[in-house]
1. Of the residues that sit in segment 40-62 and are among the β-branched types (Val, Ile, Thr) and in a loop (DSSP other than H, G, I, E, B), which one is surrounded by the most Cβ atoms within 10 Å (Cβ to Cβ)?
2. Can you tell me which residue among Leu96, Leu117 is within 21 Å of Gln27 (Cβ to Cβ) and of a type outside the set (Val, Ile, Thr)?
3. Restricting attention to segment 82-118, report how many residues are over 19 Å from Thr61 (Cβ atoms) and touching a residue at least 40 places away in the same chain (Cβ under 8 Å).
Amino acid sequence: MICRILLLIAVTSCVRGKQHRLALNYQAEENHNVTVEWQFSFNTGMSVNSVKIHCVFLFLTQLKVFFNLDESRVPRAEEHQHEQFSGRVRCDKDALSTGLVRLHLSRVRTEDTGLYLCRMATDFGKIVKKFSLNVTGMLTFILVMWSHLSPSDHEII
């Protein structure tokens, strides 16, 4: 496991490619949806099927597969998505043809909070995208709202 983490760190420091910066920190409320996106250089004539994306959720000393896309392998030999994300992650493949990776995570949970690392490869280069997700529970949201009320608003009639 430590070897996999060290490999990810090495890949992160060695990968080159043009990356346009979008949000690096995402916020969501529990049971809502969040969309993570980033741009990449998409050249005319490049096939969307040549795009490879592998995303992991860094959880303590464990890597959980968040999303994996590799249409070039026949038969498709995908690394299985971790059960925590099963059925909740979708890639907008239409957006890929415009140079935009858009991953939708539905019904986020507080345990989805953390750091994510996505490695992407095309025929023209490789990039690594890191982002964090902070999911707040409904109780946290109510307490924050309560703390912003004036003292007179706390009185119960």
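1. Only one residue fits best here, namely Val51.
2. After ruling out the rest, the residue left standing is Leu117.
3. The qualifying residues number 18.
Table: residues versus (1) charged (D, E, K, R); (2) within 14 Å of Trp38 (Cβ to Cβ); (3) in a helix (DSSP H, G or I).
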position	(1), (2), (3)
Glu83	yes, no, no
Ser86	no, no, no
Tyr116	no, yes, no
Met120	no, yes, no
Lys126	yes, yes, no
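The numbers here are math on the coordinates, done by the rules we state, and not lab data. All values reported here derive from a predicted model rather than from experimental measurement. Cβ atoms come from the backbone with ideal geometry, glycine included; neighbour counts cover every protein chain shown.
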